[in-house]
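Here is the structure we will look at.
Computed from the coordinates by the stated procedures, all read-outs in this text should not be read as laboratory data. All of these numbers come straight from a predicted model, not from anything done at the bench. In this analysis, Cβ positions are derived from the backbone assuming ideal geometry, glycine residues included, and neighbour counts consider all displayed protein chains.
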């Protein structure tokens, strides 16, 4: 198990690099430290300790910056996606996990071709164990779901592309 000082050191090292997130997995613990939109404010997104007693783990300070593979590809949210006024992008209102359906065994809220209205729920973004239903905001037809189920999303990241009616 990591000591709080070791976790703070990992956060400090992450903050000093251009790496956006750091995922650490051991036999008995998993956690993900991810930079928030506000600089110098890392967020622990997921922590799942096991029921077994963890063995002490020493983490060399030099190991954290050498893990750029843990960083996701830069989202296209920074670049203008499309200038067509008839196209609306439903964006994530928060950092969290994207889900297409209300339960793992339930059908997705929307598929390409689905007709929606402003109050239609099109997906869920889970943040801090709270399931936030995301609405279409416009009337129209779903053109594309831009995010994979279970994927981490950023604030403002486009999730669903809709052609306005």
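Table for the structure above
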read-out: Among the candidates 94, 131, residue that is under 23 Å from residue 23 (Cα atoms), in contact with a strand residue (DSSP E or B) (Cβ under 7 Å, 6 or more places away or on another chain) and surrounded by 15 or more Cβ atoms within 10 Å (Cβ to Cβ); value: 94
read-out: Segment 5-32, subset farther than 20 Å from residue 128 by Cβ and part of a helix (DSSP H, G or I), residue farthest from the chain's Cα centre (by Cα); value: 5
read-out: Segment 127-165, subset in contact (Cβ under 8 Å) with a residue 60 or more places away in the chain and not in a strand (DSSP E or B), residue nearest to the chain's Cα centre (by Cα); value: 154
read-out: Selection within segment 99-126 - in a strand (DSSP E or B) and over 28 Å from residue 32 (Cβ atoms); value: 115, 116
